[in-house]
Amino acid sequence: MKTSLLKISRIAATTAVIALTFGSAAFAQSNDVNAMYDSNSKKPLGGLFAKGFTRTFTLMGGWNFASADLPAGIPGVGTNPGTALMPGEPTSLIFPPDNPETKDTGFAISGAMGRRHSRSLRSEIEFAIRENELSRNVPGVIATDLSADVRAYSLMKNVIFELPNQTRFTPYGGAGIGISWVDVDAQSTTFGNTTTAREVSEDDTALTYQAIGGVSTRVNQAMDFVVEYRFIGTGDIELDSIGSLPYQANNLFLGVKLEY
């Protein structure tokens, strides 16, 4: 009995020493990180280019609401030869108001690796994929069905400012700049005395910008759950069948952010 109690006491003592050792190390590391954040925040641009940082990884998925529009038809096919079926500016539309366009809600996936420079400033490199389907039906003696699959692949550099507080919820906002590759697969089918179909597949790259806003919720010391809105836009996409057209989209994201 005494031997058993002695063993238990020794195990308890050893466990306490191990816990105290690791707890002290974690506390010291936390103090080191906080001291680094304080030092960085006093440097130019809040320590954006300071050598000291901790790492972040963010993975999100959500909905993609395209702002692109469909003109009248692929060149030489449909009710308006000479125009094309592609995402375009609203001013390029020639459809009457009673002939609305259908914009299916697409999907968006984003992954980012980054750095936290201070308690309120972090930056990241992000890769994102966005996809939507657009469609329109043009009634008449010669009817035309128009559709397009639009995909955008973006590589961005983002800077994000947070508003730390005493709660689990941290609002934040930011902006990013980068480049996007936009791929468009379009189809036009004309129904009259004969049925005519034509397809166009084109792509181009363009300078890209985005605005970011969201709220993170602390799950534990290393992980946050995030709800985020993003608006993304590009410069003109050069498409041979159309000319110059921009790509724009609104996103609602859900995801997680890890810090280590």
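If you go through region 145-180, how many residues are part of a strand (DSSP E or B), under 15 Å from VAL226 (Cβ atoms) and aliphatic (A, V, I, L, M)?
Filtering region 145-180 down to residues part of a strand (DSSP E or B) leaves 145-162, 169-180.
Narrowing the set further to residues that are under 15 Å from VAL226 (Cβ atoms) leaves 158, 160-162, 169-174.
Next, only the ones that are aliphatic (A, V, I, L, M) stay: 160.
Residues meeting the conditions: 1.
Examine region 205-214 for a residue that is modelled with pLDDT under 85 and surrounded by 15 or more Cβ atoms within 10 Å (Cβ to Cβ), and state whether such a residue exists. Full working, then the answer.
From region 205-214, those modelled with pLDDT under 85 are none; that's our starting set.
Checking region 205-214: not a single residue is modelled with pLDDT under 85 and surrounded by 15 or more Cβ atoms within 10 Å (Cβ to Cβ).
Hey, does region 231-242 have a residue that's over 15 Å from THR170 (Cα atoms), in a strand (DSSP E or B), within 11 Å of the chain's Cα centre (by Cα) and at pLDDT 90 or above?
Residues of region 231-242 over 15 Å from THR170 (Cα atoms): 231-242.
In the following step, the residues that additionally are in a strand (DSSP E or B) were identified as 231-239.
If we keep only those that are within 11 Å of the chain's Cα centre (by Cα) too, we end up with 231-232.
Filter once more, so that each one left must be at pLDDT 90 or above: 231-232.
Scanning region 231-242 turns up at least one residue that is over 15 Å from THR170 (Cα atoms), in a strand (DSSP E or B), within 11 Å of the chain's Cα centre (by Cα) and at pLDDT 90 or above.
Which members of region 226-246 meet the condition of being surrounded by 22 or more Cβ atoms within 10 Å (Cβ to Cβ) and in contact with a Lys or Arg (Cβ under 9 Å, 6 or more places away or on another chain)?
The one that is surrounded by 22 or more Cβ atoms within 10 Å (Cβ to Cβ) and in contact with a Lys or Arg (Cβ under 9 Å, 6 or more places away or on another chain): ILE232.
The values are calculated or read from the model by the stated rules, or taken from the named source; none is laboratory data. The model shown is predicted, which means the values in this text are computed figures rather than measured ones. Here Cβ is always computed from backbone atoms with ideal geometry, including for glycine, and neighbour counts include all displayed protein chains.
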